[in-house]
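Following: one structure in structure tokens, then a few remarks.
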Amino acid sequence: MSAPNADQLRYVQYDGREEERWLPAIRQLISKDLSEPYSIYVYRYFLYQWGDLCYMALDNESKLIGVIICKLEPHRSGTFRGYIAMLAVQEAWRGQGIASKLVKLAIDAMTAREADEIVLETETSNTASLRLYERLGFLRSKRLHRYYLNGNTAFRLVLFLKEGTALKGSMMDYDQPMPPIVPTDEQAF
Ligand SMILES: CC(C)(COP(=O)(O)OP(=O)(O)OC[C@H]1O[C@@H](n2cnc3c(N)ncnc32)[C@H](O)[C@@H]1OP(=O)(O)O)[C@@H](O)C(=O)NCCC(=O)NCCS
């Protein structure tokens, strides 16, 4: 069977009015690559407040192929900080630039909303993710030892969108990492 062709995909912004249609597919796609699935409240925390920073790649039957979920809020360091919380592409569709396109859409949306910087964490062993973000200009700002529940270590990556942000933002708060998203039903945001 030939690899599916990413040229046919549509990229659309998540619409909270259609939660019932999209949320199950989003959860399914993201949980495939996690050792434990996130609670539905974790998804709702992001999508209720920042649904406009969530983008989906859909095939010609409107099946979900890829998704990115983000947030954007003031940070104690004084920056207006974007955060990429989740990113996944269906395995059969990987390596065709779909995640890169989703990340670019999120960067553009956060830039339009005057974000100073965008941060995220990714496992030190996740070559695909590191390569993707570093090619888009993200820098490694910190190594977070045993950051994940499975004991794996993460890199904090940061993309500066405005000049001077490095002096007050992520590069300065080395010792105060954002807490990981804990995938339990008791999670209260
Ligand atoms: C990470 C992920 C989202 C990348 O999706 P994708 O659509 O394949 O990414 P792209 O096609 O845009 O590729 C981005 C870069 O990663 C590289 N890449 C993709 N898969 C790779 C792999 N298995 N090993 C090394 N590099 C890889 C690509 O070659 C490309 O770099 P290049 O343009 O310099 O060649 C996808 O692998 C995935 O869903 N993984 C599971 C979930 C995950 O790890 N999410 C990220 C957590 S922060």
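The values are calculated or read from the model by the stated rules, or taken from the named source; none is laboratory data. Computed from a predicted model, the values in this text were never measured in an experiment. Counting neighbours? That spans all protein chains shown, and the Cβs are built from the backbone with ideal geometry, glycine included. When the accessible area is computed, the model is the full protein with side chains, heavy atoms only, and any ligands, DNA or RNA have been set aside. Shrake-Rupley method; radii C 1.70, N 1.55, O 1.52, S 1.80 Å.
Assorted remarks:
- Looking only at residues of region 137-160 that are open to solvent by less than 40 Å² (accessible area, probe 1.4 Å) and not in a strand (DSSP E or B), we find that the one that is farthest from the ligand (Cβ to nearest atom) is Gly151.
- Extreme residue, nearest to the ligand (Cβ to nearest atom), among residues of region 73-128 that are in a strand (DSSP E or B) and open to solvent by 30 Å² or more (accessible area, probe 1.4 Å): Leu87
- Candidate set from region 162-171 (those that are in contact (Cβ under 8 Å) with a residue 60 or more places away in the chain and assigned to a loop (DSSP other than H, G, I, E, B)); member that is farthest from the ligand (Cβ to nearest atom): Gly169
Residue-by-condition table, conditions (1) assigned to a helix (DSSP H, G or I); (2) loosely packed, with under 12 Cβ neighbours inside 10 Å; (3) basic (Lys, Arg); (4) on the phi > 0 side of the Ramachandran plot:
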{"residue": "Asp7", "(1), (2), (3), (4)": "yes, yes, no, no"}
{"residue": "Val12", "(1), (2), (3), (4)": "no, no, no, no"}
{"residue": "Glu18", "(1), (2), (3), (4)": "yes, yes, no, no"}
{"residue": "Ile26", "(1), (2), (3), (4)": "yes, no, no, no"}
{"residue": "Asp33", "(1), (2), (3), (4)": "no, no, no, no"}
{"residue": "Pro37", "(1), (2), (3), (4)": "no, no, no, no"}
{"residue": "Tyr45", "(1), (2), (3), (4)": "yes, no, no, no"}
{"residue": "Ala57", "(1), (2), (3), (4)": "no, no, no, no"}
{"residue": "Ile65", "(1), (2), (3), (4)": "no, no, no, no"}
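- Restricting the first member to region 78-96 and to residues that are farther than 18 Å from Ser62 by Cα, and the second to residues that are within 7 Å of the ligand (Cβ to nearest atom) and open to solvent by 10 Å² or more (accessible area, probe 1.4 Å), the beta-carbon pairs closer than 8 Å and six or more apart or on different chains are Leu87/Ala99; Leu87/Ser129.
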